[in-house]
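J.: Mind looking over this structure? Questions follow.
The values are calculated or read from the model by the stated rules, or taken from the named source; none is laboratory data. Because the structure is a prediction, the values reported are computed rather than measured. Side chains are part of the model used for accessible areas, which takes the heavy atoms of the whole protein and leaves out ligands, DNA and RNA. Shrake-Rupley method; radii C 1.70, N 1.55, O 1.52, S 1.80 Å.
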Amino acid sequence: MNSWLYIAMHTVAAAAFIFLLQRYALNASLDSSLLWALTFGGCAAGLAYMQSKR
């Protein structure tokens, strides 16, 4: 699999997971959920990038 595709899939999956968790399981506001999704997506992208370079 292409490393950029792997990074993008990891980012989207992490952001979607945390958004759904925050929004529906924890009943957080939309702006808070989006902020957490952006944060976790960025962290997931960094982690996937580091793993793809190993």
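J.: If you roll a 1.4 Å probe over the heavy atoms of the protein chains, what accessible area per residue do you get for the chain, in Å²?
T.: I get 74 Å² per residue for the chain.
J.: Another one. For the chain, take the longest principal axis of its alpha carbons; what is the angle in degrees between that and the long axis of helix 3-20, to the nearest 10 within 0 to 90?
T.: The angle comes out at about 10 degrees.
J.: For the Cα atoms of the chain, what angle does the longest principal axis make with the long axis of helix 30-52, in degrees from 0 to 90, nearest 10?
T.: Between the helix axis and the principal axis of the chain, the angle is about 20 degrees.
J.: If amide hydrogens are placed 1.01 Å from N in the peptide plane, which non-local residues have theirs closer than 5 Å to the one on A28?
T.: R23
J.: Given the rule -39500 (n - 2.57) for each run of at least 4 DSSP H residues, summed and divided by the residues of the chain, what is its mean residue ellipticity at 222 nm, to the nearest 500 deg cm²/dmol?
T.: That calculation yields -26000 deg cm²/dmol at 222 nm.
J.: If you don't mind, another one. Evaluate the chain: find the radius of gyration of its Cα atoms, find its Kirkwood radius, and give the ratio Rg to Rh.
T.: 1.08
J.: Could you give the length gained on full extension between D31 and F17, defined as 0.36 nm per residue of separation minus the Cα-Cα distance, in nm?
T.: Here the segment from D31 to F17 would lengthen by 3.5 nm.
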